[in-house]
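Reviewing the structure listed below.
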Amino acid sequence: MSNNVEQLDAVVVGGGIAGMYAVYALREKGARVRGLEAAAGFGGTWYHNRYPGARCDIESVDYSFSFSDELQQDWDWSERFATQPEILAYLEHVAERFDLTPNFTFGAKVTSAAYDEVEQRWTVTTGAGQQFVARFCIFATGPLSATNLPDIPGRDTFAGEWYHTGAWPHGEVDFKGKRVGVIGTGSSGIQSIPEIAADAEQVFVFQRSANYTIPAGNRPLSDELKKEIKANYAERRRQARASGGGSPFTPYPKGALEVDEAERRRVYDEWWQRGGVLFSKAFPDQLSNLAANDTARLYTEEKIAELVVDGDVASALTPTDHPIGTKRIVTDSGFYESFNRDNVSLVNLRHTPIERVTEAGIETTAQVYDLDMIVYATGFDAMTGSLDRIDIRGKGRRSLREKWSSGPRTYLGLEVDGFPNMFIVNGPGSPSVLANMVLTAEQHVNWIVECIAHMDARGAWTIEASAEAVDGWVAECNERASKTLFLQANSWYLGANIPGKPRVFMPFIGGFAVYGDILDEVANADYKGFVMS
Ligand code: N01
């Protein structure tokens, strides 16, 4: 160990929402903490996803930090669903307000983290060779941050511009007069297509799987509404914490099949107006009972047919391969209407798959598309990708990558046996991507901070999940997932979007509030399932 290595209580990897809060909360408790961020600034997801149309699909007033009432009272969101620039400005404001910059090193891409069993400390190393030694290593690397660029033959021969939505350049990307191919119709593709279509000469949408998407119903927040929300913020947050998804909404008190057609339609109408992803939570049985799910599907199919003028295009845009909600429902602004424009064409890759990318564009089995630009809206190696890309070594120099070669295994999504004093914020096995990730980050970090205080109070230096606790939690997560319809979709929740990735349902599906109760129970039972020494 060289002398100039910074000695720390904790290293936090990642400067997005979770990493920012982790550094703040640990520092508040007097810890010597350093955040390491590969990018040049704060924001994580909201730093990198600068593609046109990028917006949050959870209401801005909910998708924001709750730890400081002054912050939530002072900050004004301009719209119901905030744009990426507004969220990034908010996070930069938070960083400035809580003076986080001195605790962070930017441009620090972590390449390895290794636990020294003699010293009982972690050494975290960056690509530039900087090293940081700390008692705790906390990964706040984000479940959706490792981009997936598909290995399409000829991909690198394309002579035009190309971009991945998840690593969008900072300067302006000009679509004017250009023929643009967009590959992918997940949230990123669906959000960006209407914006690209407004400028480009021609847009070709290369769709492999149709996805459910529901208009955001976005609108500016009036001063009156902002005032009302702020006056009731504490109650709004309480409801969010008591919910399944971390937003202040609870499903209709009866199942979709327990009500008649008129009542069901009324409920769907109401939830459709709420916009986007929440639609999957209108009825409590929608994601566990296929017949109930079918009622939501039929309602949505009617809407698609109303919104898209060409019947063949409407039918190609209608998903047929998964129950609605088992892939995240997209929250869009004008997606279906884009296909009523003359300059937007849908290429159905189920009928005519991509054969190769060429210097000039994309070739399918049916046609050659000459393009000036390709936008890869092809998603992420979700939940495990960002950790897999770091060489993480625990006791006996055992690699996390190897340990997780058949799928991620954690206790509570927070810890892994054999990796003492290593925490993951929003890790696989926690609700994370199925809930409001600002509140899930706060929940995890608060738990970690209290856990460390508890360790200090009892004179423990290390904490490690037991192998039995990990086995039990993995079984519980699988059991809960098996009672839902989620296993029927080839989603990134299951790793199905990455060739060769083990098919394991990665998030905890029991809900945000239930999970919070479990975290409390574990802590109150003297951190059952963990070994402290
Ligand atoms: O990625 P995705 P995303 N050839 O994996 C297609 C969050 N998010 O970046 O389904 C052709 O959902 C792929 O096709 P298929 C949100 O949680 C939120 O859009 O595998 N196509 C699919 O259509 C979201 O769920 C917001 O058949 C290929 C698309 O690319 C998550 O991030 C905004 C292909 C990828 O869709 C991921 O969303 C953005 C290939 N070789 C993201 N490979 C908000 O609204 C992949 N595809 C907050």
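Please report, in whole Å³, the volume per residue of the convex hull around the C-alpha atoms of the stretch 25-168.
156
Based on the Kirkwood approach, the hydrodynamic radius assigned to the stretch 226-379 is 18.4 Å, with every pair of different Cα atoms included. Candidate cross-link partners of residue 501 among the lysines, defined by an alpha-carbon separation under 30 Å and a same-chain spacing of 8 or more, comprise 109, 281, 327, 395, 403, 483.
Put a plus charge on the Cβ of each Lys and Arg, a minus charge on the Cβ of each Asp and Glu, and nothing anywhere else: the dipole of the stretch 1-132 about its Cα centre is then about 460 debye.
Treating cross-link reach as a plain straight distance, find the aspartates and glutamates whose alpha-carbon is under 16 Å from the alpha-carbon of residue 178, omitting any fewer than eight places away in the same chain. The qualifying aspartates and glutamates are 161, 195, 199, 201, 342, 359, 370, 372. Within straight-line reach of residue 29, meaning a Cα separation under 17 Å, sit the following aspartates and glutamates at least 8 residues removed in sequence or on another chain: 9, 99, 442, 450, 456. Note that the stretch 436-533, at 10 °C in a medium of 1.306 mPa s, gets a Stokes-Einstein diffusion coefficient of 104 µm²/s from its Kirkwood radius over C-alpha pairs. Entry for the stretch 70-152 at q = 0.23, 0.25, 0.26 Å⁻¹: log10 I(q)/I(0) = -1.17, -1.24, -1.28, Debye formula applied to identical alpha-carbon scatterers, no solvent contribution.
Helix 290-307 axis versus longest C-alpha principal axis of the chain: approximately 50°, rounded to the nearest ten.
Between helix 187-199 and the chain there is an angle of about 50 degrees, using the helix long axis and the longest principal axis of the Cα atoms. Sorted from greatest to least, the principal axis extents spanned by the alpha carbons of the stretch 391-471 come out as 36, 30, 24 Å. As a rough guide to protection, the peptides 155-165, 289-299, 440-450, 255-265 ranked by mean Cβ packing within 10 Å, highest first, stand as 440-450, 289-299, 155-165, 255-265. When the distances between all Cα atoms of the stretch 296-344 are binned every 5 Å from zero, what whole-number percent does each bin get? Going from the shortest bin to the longest, the percentages are 4, 20, 30, 26, 14, 5, 1. Between residue 101 and residue 227, the contour length at 0.36 nm per residue exceeds the alpha carbon distance by 42.3 nm. Against the empirical curve 2.2 N^0.38 Å, the C-alpha radius of gyration of the stretch 29-68 lands at a ratio of 1.56. Taking trypsin sites (Lys or Arg not before Pro) across the stretch 441-517, the ones in a DSSP loop with at most 14 further Cβ atoms lying within 10 angstrom of their Cβ are 483, 503. With θ taken as phi - 60° and the Karplus curve 6.51 cos²θ - 1.76 cosθ + 1.60 applied, the whole-hertz 3J(HN,Hα) list for the stretch 247-262 is 10, x, 9, 10, x, 3, x, 10, x, 4, 9, 8, 10, 7, 4, 5 Hz, x standing for glycine and proline. Three principal axis extents of the chain based on alpha-carbon atoms, in descending order, are 69, 56, 46 Å. Expressed as a whole percent, the accessible area of the stretch 236-287 that falls on carbon and sulfur atoms is 51 (1.4 Å probe). Taking the 0 to 90 degree range and rounding to the nearest ten, how far is the long axis of helix 17-28 tilted relative to the main principal axis of the chain, both from C-alpha atoms? Value to nearest ten degrees: 20. Please report, to two decimal places, log10 I(q)/I(0) for the stretch 327-460 at q = 0.09, 0.10 Å⁻¹ as given by the Debye formula with identical point scatterers on the Cα atoms and no solvent. Per q value, in the given order, log10 I(q)/I(0) is -0.51, -0.60.
Kirkwood Rh over alpha-carbon pairs of the stretch 221-317, then Stokes-Einstein at 37 °C and 0.692 mPa s: what D in µm² s⁻¹, rounded to an integer?
Working: Rh = 15.3 Å.
My calculation gives 215 µm²/s for D.
Over all distinct Cα-Cα pairs of the stretch 1-110, the Kirkwood formula returns a hydrodynamic radius of 14.8 Å.
Peptides 219-230, 325-336, 90-101, 350-361 ordered by packing proxy, namely the average of other Cβ atoms within 10 Å per residue, highest first: 325-336, 90-101, 350-361, 219-230.
Rolling a 1.4 Å probe over the protein heavy atoms gives the chain an accessible area of 40 Å² per residue. One compactness figure for the stretch 138-183 is 1.47, namely its Cα radius of gyration divided by 2.2 N^0.38 Å.
The values are calculated or read from the model by the stated rules, or taken from the named source; none is laboratory data. It should be emphasised that the depicted structure is a prediction, and the values quoted were computed from it without experimental measurement. Ideal geometry is used to build each Cβ from the backbone, glycine not excepted, and the neighbour counts take in all protein chains shown. With ligands, DNA and RNA removed, areas are computed over all heavy atoms of the protein, side chains included. Shrake-Rupley method; radii C 1.70, N 1.55, O 1.52, S 1.80 Å.
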